[in-house]
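Peer 1: The structure that follows is given in the form of structure tokens.
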Amino acid sequence: MINKARPLSHNNHNKQSVGRPTAIDRLFRFFGSSRVVVFFALVILVGIATIIWASADRPHPQAQRYWIMSHTVLDKMSANMSARAALANDILYVTGFSPDQTTPAEQGLHIIPTRDFTSETTFARSISSGAIPSYVKAVLYDNEPWQLTPRNERQNVVFYYQRANEIAHAHRLLLIATPVPSSYSVQVAPYADVVDVQAQSEQASVSMYVNHIQSRAQGSRRANPRVVVLSGVSTNPTAGDPTPQQLLDIANATFPNTVQGWWLNIPSPGTACPRCHQPRPDIGISFLSQLGPNRITP
């Protein structure tokens, strides 16, 4: 006689196949509601958390510090030992820089040779004519409501930044966008590798300065999570010369949680800044000396 194995009942099979309850199973049992309700509740919670995270004023994933400055400014800053030390760990976008003009004090600094333009049309012509040397790695396009930027570019700011971006990237150049009004920073961020929020007109008040750049920095990163966001400071703006301590307070209030560095301006009176006071490199030197090197590890 052949003994046939007794089949497991449906209930016995379930008891053998069910393991320890998961966290989700516990939620289902706790709420005593359908799986669909609990599932959508979890989706809503995750969505709320994502929105809060995206809107937070958080540091950029890298704590690298950046500067924009002219070669003239770098010459003056690097000639001072303490000011140069402040730049030692930073990345410097230096306009007008040429490797054959490197001074001994500038050797060893992380300099990215940069060319600046106030017109996309001029930039495009320079590319076409081969006027930009091969050692240049970045271009700065400064579209402002002044006579240095053609009217059609001033009236179509975003469009011309998009065109400048296409030309720059086609030639393996980084694009630095420095639009005025600074409210355009958010709109042009998708077409830039670096965005500078020109807020130097507000630097007499640290709180006003931070308020000015905060929403623009957040909006720029939402528009382009990879963009590097900087803000402008000046030693001699039209509003009046700041003290080194004022610039230091701005730096401490904004880096690294809001911006990743600054455009250090030391302008001379002229077409680009007709109401600027006389240059004050001494303020810049004192500011950098007090700021010191970046000690936040990228």
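Peer 1: How far, in nm, would the chain grow between His110 and Met81 when pulled straight, counting 0.36 nm per residue and subtracting the alpha carbon separation?
Peer 2: Going from the current span to full extension adds 8.8 nm.
Peer 1: Right, here's the next one. If R0 is 35 Å, what FRET efficiency do you get for Ser98 and Ser207 from their C-beta distance, rounded to 0.05?
Peer 2: After rounding to 0.05, the efficiency reads 0.30.
Peer 1: Next question. Report, in whole Å, the centroid distance computed from the Cα atoms of segment 270-293 and segment 69-129.
Peer 2: 16 Å
Peer 1: When the Cα centres of segment 165-215 and segment 220-234 are compared, how far apart do they sit, in Å?
Peer 2: Centre-to-centre (Cα) distance: 6 Å.
Peer 1: According to a simple spin-label model (label point 7 Å from Cα along Cα-to-Cβ), what is the distance in nm between Ser215 and Phe159?
Peer 2: Here the modelled spin labels are 2.7 nm apart.
Peer 1: Could I ask something else about it? Report the relative contact order of segment 229-298, percent, no decimals, based on alpha-carbon pairs under 8 angstrom and at least 6 residues apart.
Peer 2: After rounding, I find 41 percent.
Peer 1: If the label point is 7 Å along Cα→Cβ of Arg226, which residues in segment 79-118 have backbone nitrogen under 18 Å from it?
Peer 2: Nothing falls inside the zone, counting backbone N under 18 Å.
Peer 1: Let me ask something else. Take Thr72, project a point 7 Å from its Cα along the Cβ direction, then tell me which residues of segment 138-154 have their backbone nitrogen under 15 Å from it.
Peer 2: None, by backbone N distance to the label point.
Read-outs: derived from the displayed coordinates by stated rules, not from any lab. Worth saying up front: this structure is predicted, and the values here are computed from it rather than measured. Cβ atoms come from the backbone with ideal geometry, glycine included; neighbour counts cover every protein chain shown.
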